[in-house]
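Notes follow the structure.
The values are calculated or read from the model by the stated rules, or taken from the named source; none is laboratory data. These figures come from a predicted structure and were not determined experimentally. In this analysis, Cβ positions are derived from the backbone assuming ideal geometry, glycine residues included, and neighbour counts consider all displayed protein chains. The accessibility values were calculated without ligands, DNA or RNA, using every heavy atom of the protein model including side chains. Shrake-Rupley method; radii C 1.70, N 1.55, O 1.52, S 1.80 Å.
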Amino acid sequence: MLIPISILLVGGAVITWLVYLLREKNVALRRAERNCAKVLSNITDAFIALDEHWRFTYISQRAGDVFRLLGKDPDEMIDTRYWDQFPGVIGTNVEAEFRRARDEKTSVSFESFFAENRRWFEMNAYSTDDGLSVFFRDITQRKVIAEETQTALRELNDVKFALDQHAIVAITDPAGKITYVNDKFCAISKYAREELIGQDHRIINSGHHPKEFFRDLWRTISSGHVWKGEIKNRAKDGSFYWVDTTIVPYLGEDGKPKQYIAIRADITERKNAEERTAVALRELGDLKAALDEHAIVAITDPAGKITYVNDKFCAISKYAREELIGQDHRIINSGYHSKEFIRDLWRTIGSGHVWKGEIKNRAKDGSFYWVDTTIVPYLGEDGKPKQYIAIRADITERKNAEEALKNAQQALQAHAATLEQTVAERTAMLREKIGELEAFSYSISHDMRQPLRSMQGYARVLLSDYGGALDEEAKRYLERIRSSANRLDRLIQDVLTYSKATRAEGRLVPIDLGRMVREVVEIYPMLKAVDVEVATGEAFVLGYEAILTQCISNLLTNAVKFVVKDRVPNVRVWTESRGQFVRLCVKDNGIGIAPVDQQRIFDIFSRIHADTAYEGTGIGLSIVKKAVEKMGGRVGVESELGKGSLFWIDLPRATNHTTYD
Amino acid sequence: MTETILLVEDSEDDVFFMKRAFKVSGLKSSLQVAPDGRTALDYLSGEGDYADREKYPIPSLLLLDLKLPYVLGLDVLKWIRMRPELQMLPVVVLTSSSEPSDLERAYRHGANSFMVKPSDPDELIGLVRCLHEYWFKYNVIPHLE
């Protein structure tokens with residue numbers, strides 16, 4: 001485009017010179033003028049000459065061609081006025097410029113758009129002595145191209161702007177030196193523009209890619225091809241970023257790259273996500289491997305069809321993988337579980353919840369195995385299960401052991417139940433026997449006392465009503481009858497008391513031992529007469545009031561009773577704390593008990609002295625022992641022959657003075 | 001008018017000692033004796049011979065042994081307490097048993113007093129005197145129709 005224009009300019013100058021010569025020689029040179037016209041007509045530019053009245057005096061060959069194209073006959077145009085031929089230009093810059101050239105005797109150059117013809121013309125008008133010479137040229141095509149170029153450039157600018165906005169752009173020279181970077185390049189690399197220009201891309205090399213990677217890149221672009229790839233770069237602050245990169249080489253006329261334009265997009269986020277995903281996937285892979293190693297794994301689709309089983313699943317079920325895939329779990333159903341059990345399982349996982357439980361399955365060979373099962377539903381985006389992952393552990397051995405244990409327990413329980421029943425039956429029988437025995441001994445004692453009391457009574461009545469009629473001998477016999485009857489009566493009373501003590505039951509109540517001892521001393525005349533020291537404060541124990549009173553009175557009367565004839569009985573009573581027990585001690589200055597006898601003195605009817613020596617039925621201490629044991633206590637004696645005895649009873653301490661059942 | 005006391009006692013010996021105690025004490029009260037529970041019920045309801053209330057008046061006090069043939073003393077007590085005309089009759093249980101269960105049941109079924117028979121006849125005299133003094137001197141006996 002530039003070359004033809006320069007040629008035209010050179011041509012224009014030549015013509016200007018020629019016109020100048022013409023004006024100098026003027027009319028004399030008509031011929032020359034004609035020759036000149038001939039020359040001019042050969043010039044490719046269109047040329048017209050107008051006289052002072054704007055009439056065409058000359059139309060060159062080429063101008064004629066142009067006019068003909070516009071639908072005019074050039075021969076008829078001679079001597080017609082320019083304005084008549086082109087009325088459309090009146091008022092345009094054509095008229096203005098033509099008039100200026102003529103009026104100012106100068107030359108003008110301008111471009112004008114002939115609206116009626118829809119074409120652009122470049123016009124050069126020169127003032128002559130007798131009018132105006134005009135060269136013109138159709139420049140419509142050039143104008144259109146220029147317009148298009150402008151538009152293209154504008155669009156290019158827009159594109160460049162958009163690119164700068166959205167991409168990281170850099171331009172390097174063939175040697176790789178950076179000649180241009182946009183703002184985004186600076187932003188992501190954290191370098192200032194000045195720090196980048198003149199450098200090569202090694203400034204942002206992260207060292208992540210092997211040398212071969214960059215060699216390949218350079219080989220591609222230096223051979224004129226576009227290179228695309230993902231590059232990890234390092235910013236000024238040492239942080240890394242990933243860019244999706246396209247490098248376009250721009251080739252010079254010699255076919256070699258003049259510059260490279262690199263367009264990049266920041267994909268750091270994506271890359272990081274990918275990296276994380278890769279790590280997660282690796283971990284997941286490890287987990288799966290671990291899971292496959294240790295658990296029985298199966299995956300089913302929402303319909304329950306098996307889509308995956310691991311080796312352990314195949315091993316325990318004894319099915320080949322091909323036999324399982326596509327089947328549902330009914331293939332290993334043992335029939336052990338109720339339909340409700342299976343329904344519950346499906347209800348749970350179908351609603352997106354994890355199900356845990358123990359399932360009995362049947363292997364291909366018909367053997368059974370137990371698995372501890374966890375089924376996890378994996379939900380799709382619609383919230384419905386997409387697949388179920390079942391993880392199982394073999395618990396067959398445990399289950400078998402449990403089963404065996406259960407059977408053993410059942411057998412044991414049955415046995416225990418039988419035993420219990422036997423025991424209950426025997427206890428009932430025993431209780432009945434004891435009850436009968438007690439009722440028997442009770443009524444025996446009562447019925448024995450009845451006639452005895454009559455004997456006592458009659459002896460007494462005889463003595464008092466007929467005493468006067470009897471001699472001393474008779475009275476003595478009556479007295480002997482009476483005292484024998486009395487002894488038997490006491491014996492019977494003691495037996496009654498003993499039997500009462502054995503049957504004592506009900507609620508143990510807190511009793512103050514000190515108070516009770518003092519009351520007993522008060523009540524018994526034989527105790528009041530002797531020396532009884534009571535050195536005890538409040539000491540609460542749990543017991544039955546009636547039989548405890550009996551115990552204490554028995555101990556105290558014993559202490560007073562078994563004393564050498566002339567000695568004054570001395571009894572000391574005190575309490576001691578013995579852990580959970582309170583000990584009541586009764587110490588006398590009596591005859592004492594030989595160690596050999598200490599054990600049996602608590603046995604019923606055991607008397608260690610001749611009947612006559614000391615009064616007693618031989619039941620008193622048995623009553624004490626029986627009664628104390630009934631109250632959860634214990635009895636004992638410490639004694640030496642001739643040195644007195646210390647009898648003690650331990651009874652459970654009453655705390656807070658509350659009552660106990 | 002002398003009051004009537006009905007003694008329900010099966011032991012002839014005890015009846016003897018009781019009669020002696022009354023005599024020794026010089027009490028004017030009329031002591032009627034029913035030797036068993038069934039007779040006691042006949043007496044109280046005026047059955048047969050006992051319809052003659054001149055001879056067998058309604059007693060003002062009942063002395064009741066618990067161990068009786070045919071009808072137990074406790075059943076006699078229950079029966080009395082169910083009869084509207086006898087409900088208010090003072091009943092003194094006089095027994096050889098001091099069993100807590102006997103004691104409890106006697107009071108539960110409406111006994112007014114519970115005494116253990118003394119084995120000594122002289123002690124019985126004291127008891128009878130005391131009993132009489134208590135019930136007929138200081139205590140006011142309800143009037144039965």
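Residue count for region B:50-104, restricted to those that are open to solvent by 70 Å² or more (accessible area, probe 1.4 Å), among the charged types (D, E, K, R) and in a loop (DSSP other than H, G, I, E, B): 6. Residue A:188 fulfils the conditions (1) surrounded by fewer than 14 Cβ atoms within 10 Å (Cβ to Cβ); (2) in contact with an Asp or Glu (Cβ under 7 Å, 6 or more places away or on another chain) except for a single criterion, (1). Scanning region B:110-126 for residues that are surrounded by fewer than 18 Cβ atoms within 10 Å (Cβ to Cβ) and in contact (Cβ under 8 Å) with a residue 24 or more places away in the chain gives a single hit, B:110. Taking first residues from region A:220-231 that are in contact (Cβ under 8 Å) with a residue 12 or more places away in the chain and partners that are open to solvent by 70 Å² or more (accessible area, probe 1.4 Å), the Cβ contacts under 6 Å between residues at least 6 apart in sequence or on separate chains come to A:224/A:251. Checked against the criteria, residue A:332 does not count as closer than 30 Å to residue A:166 by Cα and in contact with a strand residue (DSSP E or B) (Cβ under 7 Å, 6 or more places away or on another chain). Could you tell me whether region A:432-439 includes any residue that is away from every other protein chain (no Cβ under 14 Å), in a helix (DSSP H, G or I), modelled with pLDDT of 80 or more and within 60 Å of the chain's Cα centre (by Cα)? No, region A:432-439 has no match at all.
Residue by residue, here is whether (1) modelled with pLDDT under 80; (2) open to solvent by 50 Å² or more (accessible area, probe 1.4 Å) holds:
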| position | (1), (2) |
| --- | --- |
| A:529 | yes, yes |
| A:532 | yes, no |
| A:545 | no, yes |
| A:553 | no, no |
| A:565 | yes, yes |
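Kindly evaluate residue A:465 against the criterion of being open to solvent by 30 Å² or more (accessible area, probe 1.4 Å) and modelled with pLDDT of 85 or more. Yes, satisfied. Could we say that residue A:81 is of a type in the set (Lys, Arg) and over 21 Å from residue A:128 (Cα atoms) here? Spelling it out, it is not the case that residue A:81 is of a type in the set (Lys, Arg) and over 21 Å from residue A:128 (Cα atoms). Go through the residues of region A:392-399 one by one and say whether even a single one is open to solvent by 80 Å² or more (accessible area, probe 1.4 Å), part of a helix (DSSP H, G or I) and within 14 Å of chain B (Cβ to nearest Cβ). Scanning region A:392-399, I find no residue that is open to solvent by 80 Å² or more (accessible area, probe 1.4 Å), part of a helix (DSSP H, G or I) and within 14 Å of chain B (Cβ to nearest Cβ), so the answer is no. A residue that is outside any helix (DSSP H, G or I) and within 14 Å of another protein chain (Cβ to nearest Cβ) occurs nowhere in region B:22-40.
Reported count of residues in region A:355-382, each being in contact with a His (Cβ under 9 Å, 6 or more places away or on another chain) and either farther than 17 Å from residue A:341 by Cα or open to solvent by 40 Å² or more (accessible area, probe 1.4 Å) (or both), is 2. Is there a residue in region A:478-488 that is at pLDDT 80 or above, open to solvent by 20 Å² or more (accessible area, probe 1.4 Å) and in a strand (DSSP E or B)? No: zero hits. When A:536, A:497 are checked against the criterion of being under 15 Å from residue A:650 (Cα atoms), modelled with pLDDT under 80 and open to solvent by less than 50 Å² (accessible area, probe 1.4 Å), A:536 stands alone in meeting it.
Of all the residues that make up region B:6-18, how many are closer than 23 Å to residue A:465 by Cβ and crowded, with 20+ Cβ neighbours inside 10 Å? Walk me through it before giving the result.
Restricting attention to region B:6-18, the residues satisfying the condition of being closer than 23 Å to residue A:465 by Cβ are B:7, B:9, B:11-18.
Now drop any that are not crowded, with 20+ Cβ neighbours inside 10 Å, which leaves B:7, B:9, B:14, B:17-18.
Residues that pass the stated criteria total 5.
Looking at B:126, B:110, just one residue is part of a helix (DSSP H, G or I), more than 11 Å from chain A (Cβ to nearest Cβ) and either within 27 Å of residue A:457 (Cα to Cα) or in contact with a helix residue (DSSP H, G or I) (Cβ under 7 Å, 6 or more places away or on another chain) (or both), and that residue is B:126. Selection of region A:163-185 for residues being open to solvent by 60 Å² or more (accessible area, probe 1.4 Å) and more than 22 Å from residue A:267 (Cα to Cα) yields A:174, A:175, A:177, A:179.
Taking the criterion of being assigned to a strand (DSSP E or B), among the charged types (D, E, K, R), out of contact with any helix residue (DSSP H, G or I) (no Cβ under 7 Å at 6 or more places or on another chain) and open to solvent by 100 Å² or more (accessible area, probe 1.4 Å), the only residue of region A:233-284 that qualifies is A:258.
Summed over region B:1-21, the residues that are under 17 Å from residue B:92 (Cβ atoms), at pLDDT below 90 and away from every other protein chain (no Cβ under 11 Å) give a count of 1.
Please determine whether any residue of region A:118-132 is open to solvent by less than 60 Å² (accessible area, probe 1.4 Å) and part of a helix (DSSP H, G or I). No, region A:118-132 has no match at all.
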